[in-house]
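Read-outs throughout are calculated quantities, based only on the coordinates presented, and are distinct from any laboratory measurement. Keep in mind that this is a model prediction, so the values were computed, not measured. So basically every Cβ, Gly included, is an ideal-geometry build from the backbone, and we count neighbours across all protein chains shown.
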Amino acid sequence: MGEAIVITSGKGGVGKTTTTANIGAGLAQAGHKVALIDADIGLRNLDVVMGLENRIVYDLVDVVEGFAKLKHALIKDKRFENLYLLPAAQTRDKTAVSPQQMIDLVDRMKQEFDYVLIDSPAGIEQGFKNAVAGADRALVVATPEVASVRDADRIIGLLEAQEKHNPFLIINRIRPSMVKKGDMMDIDDMIEILAIELLGVVPDDEAIVVSTNRGEPAVLNGQSRAGEAYRNITRRLLGENIPMMKLEEDTLFGKLRKMIGFKG
Amino acid sequence: MFDLFARVFGRDDASKEVAKDRLRLVLVQDRSSLSPQALEDLKNDLLKVISQYMEIDDQGFKVEFSRNENTTALVANIPIRNVKRKSL
Ligand SMILES: Nc1ncnc2c1ncn2[C@@H]1O[C@H](COP(=O)(O)OP(=O)(O)OP(=O)(O)O)[C@@H](O)[C@H]1O
Ligand SMILES: [Mg+2]
């Protein structure tokens, strides 16, 4: 019996889909059998981030309505035998599925997979409720900005109300140089305010844009800082005790040092 | 250079401090689910009760959340015009 984990945030565009793709690929790379569910019905995205957009035949709504079998709708990843995606429907909306149908679907998938990751849409209404319904655990993604932290706080309250206790926090798009100047909230600030456990911190990184362009999750790229952050997050999720990565300062001096080839 | 200055002297005006203060206040309202309307109702109720005892300048009457150090307080500023004489 596997575990279902929803990735949610309240605020849009903070990195839910990116996080789902990277943790999914990370868990698959570690040898686990993983299914990703794109629960953002009407705004299908996870398929392109995974580079699987050309393989879609059926979608989540087809399965829920009994129009397609689950095994026919699941798309196998290009890189991993043990990674699958259940795409969102693009031409329907959130009301096409009910929370109870999501619970049934996720329960079925947990029979077959070690991990079922659910990419939640932004917002707090039906799409969010559907995404959360079948989940055993929740990861809340937030960026170090007032609006994002506020929405994350709201989501944490709603998760609690739905009996989804002890969500983990993922801080995304942190910029060490701004933190250093006191112009961006740091990790401690955010933990203090939100009062939940931290799973990891992902730096703001161009590599995310590049990997999204290519449809290859950054976690599979040995070089990038964001990839390293997602590898650490994956390992923590698996119960390993990995210290938080030291955020490199992208100051002019740091850049110069790197250019000269001086490794500190 | 400015960096160093900021670190040595600490900046109270650092924008993240502003962000944190604003967040703390807005979260008190969010978490207690006190909408601006509810706060307005609370204010009116307070006004009614206190008016039984004294004459209040209801223009200057203010109720708001305020934070210092680690506590959040509901602070009411109630300018008094006149205290009512107890009628025997
Ligand atoms: N750590 C990062 N560094 C740089 N860019 C990032 C990072 N994380 C996410 N992004 C970019 O931010 C944008 C939004 O990310 P993403 O689609 O994952 O957010 P989302 O929360 O799923 O959005 P939505 O609410 O619309 O579903 C994307 O263009 C993505 O490439
Ligand atoms: Mg998304």
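For peptide A:192-205, compute the average count of partner chain beta-carbon atoms within 10 Å of each residue's beta-carbon.
1
Take chain A, mark every one of the chymotrypsin sites (Phe, Trp or Tyr not before Pro) that falls in a DSSP loop and has at most 13 other Cβ within 10 Å, then report the longest stretch left between them, sites excluded.
A:68-261
Would you please give the residues with an amide H less than 5 Å from that of residue A:118, counting only those at least 5 places away or on a separate chain, with H modeled from the backbone geometry?
For residue A:118, whose amide H was placed from the backbone, the distant partners under 5 Å are A:5, A:6, A:7, A:37.
Would you tell me the mean number of C-beta atoms belonging to other protein chains that fall within 10 Å of each C-beta in B:17-23, as a whole number?
5
Considering every residue in A:15-26, what mean count of other chain Cβ atoms within 10 Å of its Cβ is obtained?
0
When you count, for each residue, the other Cβ atoms within 10 Å and take the mean per peptide, how do A:119-125, B:57-63 rank with the highest first?
By packing density, highest mean first, the sequence is A:119-125, B:57-63.
DSSP loop GluC sites (Glu not before Pro) in segment A:163-201 with at most 12 other Cβ atoms within 10 Å of their Cβ, which ones?
Taking segment A:163-201 and a limit of 12 other Cβ atoms within 10 Å, the loop GluC sites (Glu not before Pro) found are A:163.
Tell me which residues come under 5 Å, amide H to amide H, from residue A:184 once H is placed; ignore anything under 5 positions away on its chain.
Close amide H contacts, sequence-distant or interchain: A:179, B:16.
Using θ = phi - 60° and the Karplus curve 6.51 cos²θ - 1.76 cosθ + 1.60, what whole-Hz ³J(HN,Hα) does each residue of segment A:113-122 get, with Gly and Pro shown as x?
Those phi angles translate into 10, 6, 9, 10, 9, 10, 8, 7, x, 5 Hz.
Provide the per-residue ³J(HN,Hα) series for segment A:90-105, in order, calculated from phi with Karplus coefficients 6.51, -1.76, 1.60 and θ = phi - 60°, each as a whole number of Hz, with x at glycine and proline positions.
Per-residue couplings from phi come out as 9, 9, 10, 10, 4, 6, 5, 10, 10, x, 5, 5, 5, 4, 4, 4 Hz.
Among the listed pairs A:164/B:43; A:164/B:62; A:16/B:20; A:164/A:246, give every one whose C-alpha distance is greater than 27 Å.
A:164/B:43; A:164/B:62; A:164/A:246
Suppose we take every Cα in the protein assembly as shown and form the convex hull; what volume per residue is that in Å³?
Per-residue hull volume (Cα only) is 187 Å³.
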